[in-house]
1. Would you tally the residues in segment 60-78 being of a type in the set (A, V, I, L, M, F, W, C) and touching a Lys or Arg at 6+ places or on another chain (Cβ under 7 Å)?
2. Among the candidates D234, D255, single out the residue that is free of Cβ contacts under 8 Å to residues at least 40 places away in the same chain, among the acidic types (D, E) and touching a helix residue (DSSP H, G or I) at 6+ places or on another chain (Cβ under 8 Å).
3. Looking at (1) of a type in the set (V, I, T); (2) surrounded by 15 or more Cβ atoms within 10 Å (Cβ to Cβ); (3) under 26 Å from M252 (Cβ atoms), can you tell me which one T201 breaks?
4. Which number in (1) over 18 Å from Y167 (Cβ atoms); (2) open to solvent by 10 Å² or more (accessible area, probe 1.4 Å); (3) under 20 Å from the mean Cα position of the chain (by Cα) marks the one condition that L189 misses?
5. Would you check if D137 is of a type in the set (D, E), assigned to a strand (DSSP E or B) and either at pLDDT 95 or above or surrounded by fewer than 18 Cβ atoms within 10 Å (Cβ to Cβ) (or both)?
6. Does A126 count as in a loop (DSSP other than H, G, I, E, B), modelled with pLDDT of 95 or more and either surrounded by fewer than 22 Cβ atoms within 10 Å (Cβ to Cβ) or in contact with a strand residue (DSSP E or B) (Cβ under 9 Å, 6 or more places away or on another chain) (or both)?
7. Scan L181, L195 and give me the residue that is touching a Pro at 6+ places or on another chain (Cβ under 7 Å), more than 27 Å from T97 (Cβ to Cβ), open to solvent by 20 Å² or more (accessible area, probe 1.4 Å) and modelled with pLDDT of 95 or more.
8. Report the residue count in segment 253-288 for those that are outside any loop (DSSP other than H, G, I, E, B) and open to solvent by less than 20 Å² (accessible area, probe 1.4 Å).
Amino acid sequence: MQSTRPLTAHCQLANNAAGLPILTIHNDQAKAQISLFGGHVLSYQRHGEPDSLWLSDKAVLDGNKPIRGGIPLCWPWFGPAPARVGDDKPAHGFARTSLWTLDGVSDHQDGTLVHLSLVEDEATLALWPHAFALELDVLVGKELSLVLTTRNTGKTPLTYNAALHTYLQISAPEAVSVTGLGAPYLDKLTGRNELQQGALTVTAAMDRIYRQPEAMVAVQDGERATRVVSGNNDSVVVWTPWAQGAAAMADMSDDGYRTMLCVEAAITTDAGITVAPDEEHSFSTVIL
């Protein structure tokens, strides 16, 4: 890191070697890093525990492409752009490749709170013709909490989809089971609607949208239990590229899939969320 600037007793801002501004938080409960490029949580580690989040050892941290790992913000769409947006638009929207504004950092008894924001500009309007104020609140403490709020500052309704695309760090796929996902899901690899029977185990490439998840999804990894609590979402996505997918990614090691599993709060229905002018909508994820 270069040109470190303390912001609070537990948070500092510095540019990495490529000039990317990164917040480093180290308080009594945990430590974390947040990139202002993408409003992207890169790491979160409670003291005495392994990192909860996986970050690729080949992640590009120079602001030229999305960051592989951590918690990318997929907004205002998830996956390919929907028909209402049009073709030839970047996958997962533009929030994860935009430079966010740091509005404030404050230390509290339960952790360090970071507030970031993103508003429309010429580049976003060319992709999505809406005025907006997007806000991200990140609390780093005994738990990691993210709340993403979409405020419509324009004069016509806007509709969005999104995901808090959480890459969890795991010890090995064969050690993992996931519960709380609910039964119905769309298997995006086959295009079929299926029903989950019991706990999910991870044995192959997977890209599933669970339509009726419980508020808390539990990821058991050997003796380690991670809980992902979602709010105001309509689905939970579970994704792993497995070996073939990892080998095709320049920003993931061939064996990188063995230490990651995405379990993410998402808004994936075709209807999305419509926000009227001067109204707002928030959704959230908490890593326990």
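1. 2
2. Going through D234, D255 in turn, just one is free of Cβ contacts under 8 Å to residues at least 40 places away in the same chain, among the acidic types (D, E) and touching a helix residue (DSSP H, G or I) at 6+ places or on another chain (Cβ under 8 Å): D255.
3. With (1) of a type in the set (V, I, T); (2) surrounded by 15 or more Cβ atoms within 10 Å (Cβ to Cβ); (3) under 26 Å from M252 (Cβ atoms) applied to T201, the lone miss is (2).
4. With (1) over 18 Å from Y167 (Cβ atoms); (2) open to solvent by 10 Å² or more (accessible area, probe 1.4 Å); (3) under 20 Å from the mean Cα position of the chain (by Cα) applied to L189, the lone miss is (3).
5. When the stated conditions are applied, D137 passes them.
6. Values: in a loop (DSSP other than H, G, I, E, B): no; modelled with pLDDT of 95 or more: yes; either surrounded by fewer than 22 Cβ atoms within 10 Å (Cβ to Cβ) or in contact with a strand residue (DSSP E or B) (Cβ under 9 Å, 6 or more places away or on another chain) (or both): yes.
For A126, the condition - in a loop (DSSP other than H, G, I, E, B), modelled with pLDDT of 95 or more and either surrounded by fewer than 22 Cβ atoms within 10 Å (Cβ to Cβ) or in contact with a strand residue (DSSP E or B) (Cβ under 9 Å, 6 or more places away or on another chain) (or both) - is not met.
7. L195
8. Going through segment 253-288, the residues outside any loop (DSSP other than H, G, I, E, B) turn out to be 256-267, 273-275, 280-287.
Still in the list and also open to solvent by less than 20 Å² (accessible area, probe 1.4 Å): 256, 260-267, 275, 283, 285, 287.
The number of residues fulfilling the criteria is 13.
The values are calculated or read from the model by the stated rules, or taken from the named source; none is laboratory data. Keep in mind that what you see is a predicted model, and the values were worked out from it rather than measured. Neighbour counts are summed over all protein chains in view; Cβ atoms, including those assigned to glycine, are modelled from backbone coordinates with ideal geometry. These area figures cover heavy atoms from the full protein model, side chains too; ligands, DNA and RNA do not enter into them. Shrake-Rupley method; radii C 1.70, N 1.55, O 1.52, S 1.80 Å.
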